[in-house]
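To start, the structure itself, in structure tokens.
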């Protein structure tokens, strides 16, 4: 019977994995880590304590590879998240081809490439978009798992990995052989595979500005925050100016890097490294209302901004009001800002928008570059119906913090107020992508979709908003809830969801 491993040894093992592989495992994965530790200790002929000590000091590269094989079980298939590949084929490769026309060279990198489906998909698309054989197209796939790299080099795949592959590409690039599909040899030879550890500061892999496009999908979500920031910093170094970065659909650079612009086309999000030139232009006191009262808040012709402006009974809570007042009297500053916004926030809570705005406008001129001041000012302007000024303020804020989800949500309200429903949807989608736990853009998007008759998509957004509203941060309810308390927003969401489902 195997002796139990002390908890502190398992914790050291977890910390060593973060350090050596960048992978972060939460407490729910501790049983799995314990099993891996036991297995690797036995395989190397050491006890767990000695094994962890070796991992902490001078681990052999082969042992790191073995650990990677045990701890990474990737899911890969061709054309995964196909909207990103459409953006690649229709926007990214043509743009890079135009930029590189004089040298006819395109360099793409797939990080965490697993068994090769992603880099081979890149190769297929490059052949379609750049059929001229004079183009020098180089694609590199990198993964720490040596078993996966070997599978990638063989170029033999199951039918399951081709489940999203268009018939045209399946027929063009694969030959059925027994129960496998063998990749065309010319395509297989166009992709190189290398085993590398992404936490290493590898001067060859991360040489400055050598790649036009980097795919790093579903990698940083498993990294510790420190390792994720370090990896993205290396990516920013390796991708050329105005080059592109694709992340997984649940990943974002918010809070990780400011080296990239966020793009939104083809129903997907991706990034472009900031250039050296000028500005960037991207592509395209009352009781809660009862259900009867909620039903009168909006009609099919109303916008959410109109509902905010028209409502006469409001209540919202940022924190316990007595604590807010005492903080204001003590002259304490908002923890998120360099300026004392306590009085303005208290006035916002009381819906005295004009007075709150006067306090914000009276701040010193240098506050105009403070993101928190700008966000509060944009919120007050929106609540007061001054949508043109609110939009201009949001755009100034995005020049400072391009990944500010609150600014995008307020822009969605402004765009709806201007009759630009497509623009409103876009900014709601950006806000929801940047901050998946943010309820208000989901609610607003659901209301927009219902107004335009898109019941199915409206129902999805409203259902998600209903879940998020239960745990939405109180400060965001105050800032973005239009003066309505959480309970009112939940009831509104439930009512609209029932209407989508036809439950009159």
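Residue-wise test of (1) under 31 Å from the mean Cα position of the chain (by Cα); (2) at pLDDT 75 or above; (3) at positive phi.
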site: 309; (1), (2), (3): no, no, no
site: 316; (1), (2), (3): yes, no, no
site: 323; (1), (2), (3): no, no, no
site: 326; (1), (2), (3): no, no, no
site: 338; (1), (2), (3): yes, no, no
site: 363; (1), (2), (3): no, yes, no
site: 367; (1), (2), (3): yes, yes, no
site: 371; (1), (2), (3): yes, yes, no
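The residue pairs whose first member lies in segment 9-37 and is on the phi > 0 side of the Ramachandran plot, whose second member is part of a loop (DSSP other than H, G, I, E, B), and whose beta carbons are closer than 6 Å, counting only pairs six or more residues apart or on different chains, are 22/199. Restricted to segment 219-281, the set of strands (runs of 3 or more DSSP E) holding at least 2 residues that are over 14 Å from the mean Cα position of the chain (by Cα) and more than 28 Å from residue 18 (Cα to Cα) comprises 239-247. Filtering segment 87-110 to residues that are surrounded by 24 or more Cβ atoms within 10 Å (Cβ to Cβ) and touching a helix residue (DSSP H, G or I) at 6+ places or on another chain (Cβ under 8 Å) leaves 88, 108, 109, 110. If the condition is being part of a loop (DSSP other than H, G, I, E, B) and touching a strand residue (DSSP E or B) at 6+ places or on another chain (Cβ under 9 Å), then segment 124-141 contributes 130, 135. Annotation for segment 377-389: at least one member residue is in contact with a helix residue (DSSP H, G or I) (Cβ under 9 Å, 6 or more places away or on another chain), in a loop (DSSP other than H, G, I, E, B), at pLDDT below 85 and crowded, with 16+ Cβ neighbours inside 10 Å.
The values are calculated or read from the model by the stated rules, or taken from the named source; none is laboratory data. No experiment lies behind these values; they were computed from the predicted model shown. For neighbour counting, all protein chains shown are included, and Cβ atoms are generated from backbone atoms with ideal geometry for every residue, glycine included.
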